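Structure first, commentary second.
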Amino acid sequence: MAVPMASCGSISGVYANLNAIEKIPISSSPGLFRSSFGLDHVQKICLVPKRLAFSESTIIPKASSTAAVEDGSSQETVPTPKVIIDLDSDPESTVVEVTFGDRLGALLDTMSALKNLGLNVVKANVYLDSSGKHNKLCITNASTGRKVEDPELLEAIRLTIISNLMEFHPESSSQLAMGEAFGAYQPAQKLDVDIATHIHIYDDGPDRSLLCVEAADRPGLIVDLVKIITEINIDVISGEFDTEGLLAKAKFHVNYKNKALIKPLQQVLANSLRYYLRRPTTEESSF
């Protein structure tokens, strides 16, 4: 079922202040992915994210894993933070998964903060595997009982989780793109935007295609990707957005007039996304 994704007239508030959230009332119109989104008159929403609190009482002490160095001393190995926002796996709720090795607690304050955002946590669980401890939350919109699909609210949730990671686990900022501007420790390595960008489009049945985008992470990426897609009248049906350290990985199910994208349209979409994801220092006048 397709639902509309609204773009914000100005997302700058999200970038400027990660310490407070101010939510302007959301229109009661359904969802965010809807046919011909680019042409609809949708109420604009601007969100400035507030930290979803990772309470100190729920923080697990830092892992003791270390990496040896030549002089015989050792230094701590910082795990890769991961934030996954999944709109595909559960038809009734939006699944948010947070992983940072074994360092996170039960995130009880995070669930409380989500409630303050007008969201309900309908299910929460934790599981362990070789990559660490995974905190998974299934959330819905408190006013509608439906999954959260507004791209700006999804982006605000993502940024607030990352902001909390950097506040209560300062070492995580060395593994996050936003650590360069907001973290206690800047990333030791920086991704080359051109090399890190990968765009692939596959047929996924007669009525939809699968768009896969991998790029250097930056604030507002969810909103901007959806805006680029819908501006060429391609509909976003559902998707998943993963933040893995310095990288952002998105998967969107898309179609055009309820059909899979034909090859020429796939090329137009890929070119549009590459143009947007080009080096930020490229001057518009050069085009």
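How compact is the range 82-182 by the rule of thumb for globular proteins, expressed as Cα Rg over 2.2 N^0.38 Å?
1.06
Going by the alpha-carbon gyration tensor, a ≥ b ≥ c the square roots of its eigenvalues, is the range 114-270 rounded (a/c under 1.5) or, if a/c is not under 1.5, prolate (a/b greater than b/c) versus oblate?
oblate
For a protection proxy built on the mean count of beta-carbon atoms within 10 angstrom, sort 201-208, 186-193, 95-102 highest first, please.
With the highest mean Cβ count within 10 Å placed first, the list reads 95-102, 201-208, 186-193.
What distance in nm lies between label points placed 7 Å from Cα along the C-beta direction at SER112 and GLU231?
4.2 nm
Among 136-145, 255-264, how do they line up from the highest to the lowest mean number of other beta-carbon atoms within 10 Å?
136-145, 255-264
Do any of LYS82/LYS259; LYS115/LYS251; LYS227/LYS259; LYS147/LYS190; LYS123/LYS190; LYS227/LYS251 go past 25 Å between their Cα atoms, and which?
Too far apart for the 25 Å limit: LYS82/LYS259; LYS115/LYS251; LYS147/LYS190; LYS123/LYS190.
Points 7 angstrom from Cα along the Cβ direction at ALA196 and SER131: gap in nanometres?
It is 1.8 nm.
Once both labels are modelled 7 Å past Cα along the beta-carbon direction, what's the ASP204-GLU76 spacing in nm?
Once both label points are built, they end up 3.8 nm from each other.
In the range 101-137, which residues have a backbone nitrogen under 16 Å from the label point lying 7 Å from TYR185's Cα in the Cα-to-Cβ direction?
101-104
Rule-based calculations on the coordinates, nothing more; no lab input. What you are looking at is a predicted structure, and each value in this text was computed from that prediction instead of being measured. Every residue, glycine as well, gets a Cβ built from its backbone with ideal geometry; the counts of neighbours run over all protein chains shown.
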